[in-house]
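Inspection log for the structure reproduced underneath, given as C-alpha cells.
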Amino acid sequence: MTRSLGDSESRIQRIAAVLSARREEVLARGERFYQGPSNISLASHPPFERWDNWVELDSASWPEKRERRFSLIPTTCFNCESACGLLAYVDKDTGRVAKFEGNPEHPGSRGKNCAKGPATINQITDPDRILYPLKRSKGRGQGEWHRVSWDEALDDIASRIRTAIIEDRKDEIMCHIGRPGEDGFTERVLASWGVDGHNSHTNVCSSAGRAGWHYWAGMDRPSADFANADVIFLTSAHLETGHYFNPHAQRITEARERGAKVIVIDTRLSNTATHADWWLSPYPGTEAAINLSIANYIIQNDLFDREFVRRWWNWEEWMEDVHPDKEADFPSFVEQLKEVYKDFTFDYASSESGIDAKVLEEVAVVVAGAKSKFASHIWRSAAAGNLGGWQISRTLVLINALLGAIATEGGTYPNAWNKFVPKPIYVPPHPEVWNDLTWPVEYPLSMNEMSFLLPHLIEQGRGKLEVYFARVYNPVWTNPDGMSWIDLLLDQEKVGCYVALTPTWNETAYFADYVLPMGHASERHDLASYEQYDGQWIAFRQPVLRTFMGANGEVVTDTRQANPGEVWEENEFWIELSWRIDPDGSLGIRKYHESQRNPGEKLSIDEYYGFIFENSVPGLPQAAAREGLSPLQYMQRHGAFEVKKKVGALYEEEIPDQELDGTSINSKGRIFTRTPKPPAINLAPTGDPDPDPEGRRPVGVEVDGRLLRGFPTPSGKLEFYSQTLAQWGWADQAIPGYIKSHIHRENLRENEMVLISTFRLPVQIHTRSANSKWLDEIAHTNPVWINPLDAKRLQITETDLIRVKSEIGYFVAKPWITEGIRPGVVACSHHMGRWKLDPEQNALTMRTVTLQNSGDDRKLVPKSPPQPYKSSDPDTGRFWWKDVGVHQNLIFPVHPDPVSGMHCWHQAVSVEKAQPTDVYGEVYVDRRASREVFERWLEMTRDAFSTSPDGTRRPRWLMRPLKPSKQASLLPPR
Amino acid sequence: MTESFDPVLCRQLGEVTSALSEVASATELRAEIADALGLPGVARSDLYRLFIKDLPPFASIYLSADGNIGGDSQAVISGIYRALGVPVPNDPDHLSSLFALLSQILVAEAKSIENGSEPELSSVVRTRQVLVNDHLLTWLPAYLISAIRVAPQPLSNWVSLCWDALRLLSPPAEAPGPKDREVCLDQVDNLAKLIDFLTTPSKSGIILTLSDIETISTEIGLAVRAGTKRMVLKDVFLTEPEGFSEKVEALIRRQISDYISATAEFSYLDAWVVNAENALKILSNCQ
C-alpha cells in the first residue's frame, strides 16, 4: 500500500468505470446489480462452514461456562405446509437432538421460523408419544391395545391388500392423507398398487381457493411476489397463519419497509389485520362482491392493462359462445365486459358487505394504481367458508388479470412456475380404476377427493373399505360431522381394517385396528417444494440422527435404527409393505420398489433420493461437485437447494422450432404438435389440456403471430370464460361472478348469526402440533368471539356459558366479548377442543370425555379436564391450564360446494345462554339431521351423467391426484 | 467554504464503495462485481473466512469496551442513519452497511454539487465527514492492516481498494490524533482477564484473529480445537503458555510496526500504537 494518492485515484476511476458499465448492462436486463447490505449478522445463524463442529455454552449450566459441541444437521419442518428449514443441533457427546433452529440455507424460510418449528423438540421428546406398533385388544373403540411387531402388522395389512387386489376389490383400499408435506411419494405408491385409493384433506382445506385459480390459469394456487409488490391484497390472516405464512410474512414485511401498502379482507380482527393499511371487515361471503366492485372500477375507467387483456385472455371464446350476435373483436369485448360488470358498483358491494362505499372506492384506487405490482393471496378463509367460495378466488384473480399482474415482478405467479418437483426413480402408470367413493359422479368438477363425504357415501351403500389408512390425519376431529366418522369406523362391516399412521394419539386413532408410529420432522425422509417467491427450490426432510450416525461411521440401513423406540418413517414403510403385498413380483407391484443398482433387492432410501438428486435436479450435481460432495451428501448437509431464481413470465416463452413438427393451429390460436413431449424436468402439477381430434398435443398458443408457450388451459390463455364450466352444466358461472353464500343474510332465519370457524391460531396447527408443550402453554383454548352489541342483545357476559346451535346440534362454550368481530357474526378457532376417551391416557390439551349414543342422538360429555402428571419430562407435572376449549367441528354438517367440492365451513347458528344443566365443552349431534343436510346439499349438484359433454366422469384436463387412465375416466353405464 | 469533492470523483467513489459493500456482506457475490474489482476466483469460503471467521467487519468489535458486537458504539452509528432519515439496518455498524451508506452520501454529494445547492451540499459534506472522519477512520485502517495479513489471496484486491478509497476520503489535513490519550490500564491478573484483554481491540490495540491463533499454534506444534476465539485462546494458553505468549508478542510487534508505517496517512493509528505497546507490557508482566 505504498502507492501515491494519484495512483489510488486513477485506480478508483478505472474500476468505477468498469463497475458502472457492468451495472448499466445488468440493470438493462431488469436485474438488480447491488443487492445491498446483507443484514446477515454473526448472531443470526452459525455459518455453514462450522456446522460440523459447532460449540455453544450450555444455557442450563449458567453461571458455569460448560461447553457443548454439536453437529448441525438440516431437515424440514413437518408441522404446517410451509416446509420451512430447520437445523437440528445434535449433541456430539450424547447423540441426541438438543434443539431446533432455522436453517439459513433454506431459500424459502431463510433461517426464520415461527414457534412451531423450534417446538419440534417438544414433539420428539414427548413422553406420551407412540413408540411401538400397537394392535387393538378388544372391540374397536374400546381402548385396549397390545404391542405387536412390525412384521406382524405388515403381514396382516399386506395380506388384506393383496387379497383385495387379486379379487378386484381395488376400490376397498384407501389412504387418507393429512397435510402431505411431501411431493407425490404416497401417490406413486398407490399408483404402483394399481388402485385409485388416494384420499386427501384438501376439500376441507383449499379446494375452493384452488378452483378459482385453476379455472383461470390451469394451475391451482397463487405465488405472490410480495417482496417486490407495491400493493398487497390478502383475503386472509396471511401474516400470521396463512398458507406459507412464515416465508411470505418475512417478504411482506420487507415490502412494507419499502412502502408497499397492505390491504386485508378479514371479518375478524386478526393479527394480520392489525398490520394492514386498510382492514376491510365484510359480512362473511360477500368478498366476491367487493372484488367485483374493484374490478368494475378498473374496467369502467379503462384502467386495465389493455394489451395484456387483449393478448392473454380467451375473450374470443366468450364472444363466440355467449355473444355470437356481436362483433368478435376486442373493442366489442371491452364493451361487453363493461356491460356485464356494470352493476357491481361500490354502493352495491357496500350494501352486500357492510363496508362503506367510500372506503371501497379508496381501496380500488390504490389497487388500480399498483398496476403490475399487485400481489394478491387467497387460500382458505373466505374461499373455504362459503358456498361459491371458489368465485371469491376467481374474482380476485380477475383483478390481477385486469392489471396484467400475472407473473410480473411484484405481481402474482401461478404456483407451478415457482415450484420444482423432480422426476423420481419410477413413475408407475395411471391406475385402471376410478374410485366412486372419493370421486362420486355428482361432483365432476370437484378439485379434490370428496373426502369428508366418505361416511355418508358408505352409509348410502356405495361401497366399503377393506383397508383404510389415515396418514397423520385425524378426520373424526378435523372433518365436519365427526360423529359420522365415528359411526363409520365403529362398523367393521364397512371398514375391515383401519390403520392409523401417526406419531401421537388422536381422536380417530382411538378407533383403529393398528396404530403405527411414524416419525416427526427430524425422523423421516421427504422432499418438498412450495411456491414462496419467484424462484424454485427443493428441501430435504431427513432423519437427522440417521445422518449423524452415518457421518460417524455407523452403517444405518433402516430409519428405525436411529429413531426412538420403533418409530418408523413412511417411505420405508410403504416400500416394505409393497414388497409384502407382492413378494414374488407377480402382481407387477414389486418392480416399482426394487433397487436399480442391485436388481432383485429392495430399493433403499439412499438410492431413491440419490437418484433424484443426481439425475433430476438441474444444477445440484454441479453445486455438490464444487464442494467435493455427492448430490445426496450435499442435500444431507445443506437441507435445501435453489434450482432457479427469477423464473419470470413463462407464458411469453417462444416455443422452440424442434417442438413444432406437424403442427395445427385452431381458430383461437391454440397450437397442437405431433412432436412428442420432451422429457419433463419439472413435474410440478398443472392442468393437462386435451389433444386435438387428430391426437396432436397442445404445445402453445399463437399471439400476434408469435408462437408462445401460454398457459396449461384448453385455450392456452387465461380463461376469463371457462368453457369447461359452461360445458359441464355451469354456464351461469362461467365467468368470474358473485354467488350468494349459504350464510348470506337472505338465507338466515331470524336470530341466526354466522359462525366463522376456520381461523388458525398462530402457534397451533390442527392436531399436527399435538403434545408440543411450549405451544400448548401459549394457546390451549378457543372462546367464541362475540361483538359487545350482540352480547348485550343476547344478555351474555364473559362469566356465562353459551350454547351455539347449528342445523344438527350444539356445543357449549365460553364467550369472549370483543370488537374484533363485526356484529351479527361470531368466531371460534378450530384448533382446540381436543378430547380422549381413556382417562389413563396422558395429554396436555385433551379433556377426558364419554360418548353417548342413543338412536340418532350422539353426545360428547366432558368428564374431567387434563391434569398434571409425572413423566420423564418434569414439565408435565407443572402444566397449569384446565381449559382446553371445545370441539366445534362435530356440530357442522357436511356442506359440499356443488362445483369445487369444497366443504363450506361457515355456519348459520343461533347463540344463547347455556342451560343450567349444560357443561362446558359438551357437544350434541343429531345424526338424522346430519344425513338430511347431506341429502339437501346433494340435490344442488349437477352430475356427470347429465352434464358430461364427452362421456367422461370429469374434465380430463383438470388436475387430479393419482389421475386414472383415460379408459377408467369414462362414465359407467347408468 | 464546503470541503466537497469533485462530483465525478464522488460518483466514482460511490460506485466503488457500493461494490466494496457487496463483497463485505459475505453472501454470494455477483460475477460482474468480482471481475470488476479484480477478485478472480473468489469463493464463498473466502468471504466466510475473512468476514465471518477472522475479521467480522462490525465497528463495535473494534471500538467497544468489551470487543463484542453491539453496545454504545453501535448505537452511535445508528444515530447517523436516524439523523439522515434512513431506516436503521439490522447491522448498522457492519462495514457492508457503512459502505452502502457512504455510497449513498457520495452520490447525494455529487447531485448537490451539480444542482448548485450550497445549503444541501454543506449538509451532505458534513454528514460524510462525520461518517468518515469520526467513525470509519477510528478503526478501519487498523482493521485493514490485519486484513492484509490474514485475507485469502482472492480478496487481497478488496483490501487494497478499501485502503485506496479511504485515502481519498481522508481529510487533506487530518485532525491531530489523540497521541496524548490515556492508556486503558485494566488490571490483568488472571488468564480470563488476559483473554478478555487480548480479544478487545479498543484496549489491547491489537487484532488477534482465529487464523493468527491457528498459525501460531501450528508453529508451536499444537492442534487447534473448535469453538469461539476466546475458547481457543484459553485452550492454547493453558497448554503452551510460554511458547504461545512469545509468538503473540511477535505478532503485536509486527502490528505496531504496520501501524507506525501508516500513521502518516491515518493519524488515528497513533492511539492503536499506544495501546498495542501497553499490551506488550501486560503480556510480559503476565509471564
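Applying the criterion of being in contact (Cβ under 8 Å) with a residue 60 or more places away in the chain and facing chain A (nearest Cβ under 10 Å) to the residues of segment B:27-44, the residue that is farthest from B:Leu168 (Cα to Cα) is B:Ala43. Residues of segment A:828-870 that are over 30 Å from A:Thr241 (Cβ atoms), hydroxyl-bearing (Ser, Thr, Tyr) and outside any strand (DSSP E or B): A:Tyr869 alone.
Mind listing whichever residues of segment A:777-819 are part of a helix (DSSP H, G or I) and either of a type in the set (Ser, Thr, Tyr) or closer than 28 Å to A:Thr767 by Cα (or both)? Step through it out loud before you land on a result.
In the first step, residues of segment A:777-819 are kept if they are part of a helix (DSSP H, G or I); the result is A:777-778, A:788-794.
Within segment A:777-819, A:Glu777, A:Ile778 qualify.
Number of residues in segment A:64-96 that are under 24 Å from B:Arg225 (Cβ atoms) and away from chain B (no Cβ under 13 Å) equals 11.
Residue count for segment A:526-545 under the criterion of being within 22 Å of the chain's Cα centre (by Cα) and farther than 18 Å from A:Arg768 by Cβ: the result is 12. Only residues that are part of a loop (DSSP other than H, G, I, E, B) and within 11 Å of another protein chain (Cβ to nearest Cβ) were counted across segment B:45-63, and they come to 2.
Test A:Ala16 against the criterion of being within 28 Å of B:Asp91 (Cβ to Cβ) and either touching a Leu at 6+ places or on another chain (Cβ under 6 Å) or within 13 Å of chain B (Cβ to nearest Cβ) (or both), and give yes or no. Give the derivation first.
Values: within 28 Å of B:Asp91 (Cβ to Cβ): yes; either touching a Leu at 6+ places or on another chain (Cβ under 6 Å) or within 13 Å of chain B (Cβ to nearest Cβ) (or both): yes.
It is true that A:Ala16 is within 28 Å of B:Asp91 (Cβ to Cβ) and either touching a Leu at 6+ places or on another chain (Cβ under 6 Å) or within 13 Å of chain B (Cβ to nearest Cβ) (or both).
Scanning segment B:21-33 for residues that are part of a helix (DSSP H, G or I) and either crowded, with 21+ Cβ neighbours inside 10 Å or among the hydroxyl-bearing types (Ser, Thr, Tyr) (or both) gives B:Ser21, B:Glu22, B:Val23, B:Ala24, B:Ile33.
If you check B:Val224, B:Val236 for being surrounded by fewer than 17 Cβ atoms within 10 Å (Cβ to Cβ) and either within 14 Å of chain A (Cβ to nearest Cβ) or more than 23 Å from the chain's Cα centre (by Cα) (or both), only one passes: B:Val224.
For segment A:399-419, the criterion of being aromatic (Phe, Trp, Tyr) and under 30 Å from A:Arg928 (Cβ atoms) is met by none of the residues. Scanning segment B:83-95 for residues that are touching a Leu at 6+ places or on another chain (Cβ under 9 Å), surrounded by fewer than 20 Cβ atoms within 10 Å (Cβ to Cβ) and within 14 Å of chain A (Cβ to nearest Cβ) gives a single hit, B:Val86.
Which residues, counting only those in segment B:96-105, are among the hydrophobic types (A, V, I, L, M, F, W, C) and more than 9 Å from chain A (Cβ to nearest Cβ)?
B:Leu102, B:Ile105
Looking across segment A:834-860 at every residue that is touching a helix residue (DSSP H, G or I) at 6+ places or on another chain (Cβ under 6 Å) and crowded, with 23+ Cβ neighbours inside 10 Å, the one that is nearest to A:Phe511 (Cα to Cα) is identified as A:Arg858.
Residues in segment A:350-382 that are in a helix (DSSP H, G or I) and of a type in the set (S, T, N, Q): how many? Give the steps one after another, and end with the answer.
Going residue by residue through segment A:350-382, those that are in a helix (DSSP H, G or I) are A:350-353, A:357-370, A:381-382.
From the residues that got through so far, the ones that are of a type in the set (S, T, N, Q) too are A:350-351, A:353, A:381.
Going through segment A:350-382 one residue at a time, the tally reaches 4.
When residues in segment A:478-502 are screened for being part of a loop (DSSP other than H, G, I, E, B) and surrounded by fewer than 24 Cβ atoms within 10 Å (Cβ to Cβ), 4 of them pass. Of the residues making up segment A:48-80, those that are in a loop (DSSP other than H, G, I, E, B) and surrounded by fewer than 19 Cβ atoms within 10 Å (Cβ to Cβ) are A:Asp58, A:Trp62, A:Pro63, A:Glu64, A:Lys65, A:Arg66.
A single entry from A:Glu317, A:Glu362 fulfils the requirement of being acidic (Asp, Glu), closer than 18 Å to A:Lys668 by Cβ and in the same structural domain as A:Thr286 (by TED's automatic domain parsing): A:Glu317. Is segment A:458-465 home to any residue that is surrounded by 24 or more Cβ atoms within 10 Å (Cβ to Cβ) and of a type outside the set (A, V, I, L, M)? There is no residue in segment A:458-465 that is surrounded by 24 or more Cβ atoms within 10 Å (Cβ to Cβ) and of a type outside the set (A, V, I, L, M). Contact annotation: residue pairs with Cβ atoms under 6 Å, 6 or more positions apart or on different chains, pairing a residue in segment A:194-206 that is touching a residue at least 40 places away in the same chain (Cβ under 8 Å) and over 16 Å from A:Asp897 (Cβ atoms) with a partner that is in a loop (DSSP other than H, G, I, E, B) and of a type in the set (Phe, Trp, Tyr), are A:Asp196/A:Trp434. Residues in segment A:81-112 that are surrounded by 24 or more Cβ atoms within 10 Å (Cβ to Cβ) and either within 22 Å of A:Leu761 (Cβ to Cβ) or modelled with pLDDT under 95 (or both): A:Ser82, A:Ala83, A:Cys84, A:Leu86, A:Phe100, A:Ser109.
Somewhere in segment A:25-41, is a residue within 25 Å of A:Gly553 (Cα to Cα), within 8 Å of another protein chain (Cβ to nearest Cβ), free of Cβ contacts under 8 Å to residues at least 40 places away in the same chain and of a type outside the set (Gly, Ala, Ser)?
There is no residue in segment A:25-41 that is within 25 Å of A:Gly553 (Cα to Cα), within 8 Å of another protein chain (Cβ to nearest Cβ), free of Cβ contacts under 8 Å to residues at least 40 places away in the same chain and of a type outside the set (Gly, Ala, Ser).
Return a yes/no flag: does segment A:157-175 have any residue that is acidic (Asp, Glu), crowded, with 20+ Cβ neighbours inside 10 Å, more than 17 Å from A:Glu840 (Cα to Cα) and in contact with a helix residue (DSSP H, G or I) (Cβ under 7 Å, 6 or more places away or on another chain). Yes.
So that you can scan it fast, the table gives a plain yes or no per residue for (1) in a helix (DSSP H, G or I); (2) among the small types (Gly, Ala, Ser); (3) in contact (Cβ under 8 Å) with a residue 12 or more places away in the chain; (4) crowded, with 22+ Cβ neighbours inside 10 Å:
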residue: B:Ser112; (1), (2), (3), (4): yes, yes, yes, yes
residue: B:Pro119; (1), (2), (3), (4): yes, no, no, no
residue: B:Ser122; (1), (2), (3), (4): yes, yes, yes, no
residue: B:Thr127; (1), (2), (3), (4): yes, no, yes, no
residue: B:Val130; (1), (2), (3), (4): yes, no, yes, no
residue: B:Leu140; (1), (2), (3), (4): yes, no, yes, yes
residue: B:Cys162; (1), (2), (3), (4): yes, no, yes, yes
residue: B:Arg167; (1), (2), (3), (4): yes, no, yes, no
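Annotation for segment B:1-18: no member residue is buried (at least 18 other Cβ atoms within 10 Å of the Cβ), at the interface with chain A (Cβ under 7 Å from one of its Cβ atoms), touching a Phe, Trp or Tyr at 6+ places or on another chain (Cβ under 6 Å) and modelled with pLDDT under 95.
Would you mind finding the one in A:Glu601, A:Glu566, A:Glu576 that is of a type in the set (D, E, K, R) and in contact with a Pro (Cβ under 8 Å, 6 or more places away or on another chain)? Don't jump to the end; show me each part of the working.
Values: A:Glu601 fails: in contact with a Pro (Cβ under 8 Å, 6 or more places away or on another chain); A:Glu576 fails: in contact with a Pro (Cβ under 8 Å, 6 or more places away or on another chain).
Just one listed residue meets the conditions, A:Glu566.
Among the residues of this structure, A:Leu337 does not count as one that is under 25 Å from A:His238 (Cβ atoms) and in a helix (DSSP H, G or I).
From the list A:Glu607, A:Glu614, A:Glu594, A:Glu576, pick out the single residue that is in contact with a Gly (Cβ under 9 Å, 6 or more places away or on another chain) and either surrounded by 14 or more Cβ atoms within 10 Å (Cβ to Cβ) or not acidic (Asp, Glu) (or both). Can you show your working first?
Details: A:Glu607 fails: in contact with a Gly (Cβ under 9 Å, 6 or more places away or on another chain); A:Glu614 fails: in contact with a Gly (Cβ under 9 Å, 6 or more places away or on another chain); A:Glu576 fails: in contact with a Gly (Cβ under 9 Å, 6 or more places away or on another chain).
None of the other options fit; the residue is A:Glu594.
Considered as a group, the residues in segment A:298-334 that are without any contact (Cβ under 8 Å) to a residue 60 or more places away in the chain and under 30 Å from A:Pro282 (Cα atoms) include one that is surrounded by the fewest Cβ atoms within 10 Å (Cβ to Cβ), and that residue is A:Asp302.
The values are calculated or read from the model by the stated rules, or taken from the named source; none is laboratory data. Quantities reported herein were computed from a predicted structural model and do not represent experimental measurements. Don't worry about glycine lacking a Cβ; one is built from the backbone with ideal geometry, like all the others, and counts go over all protein chains shown.
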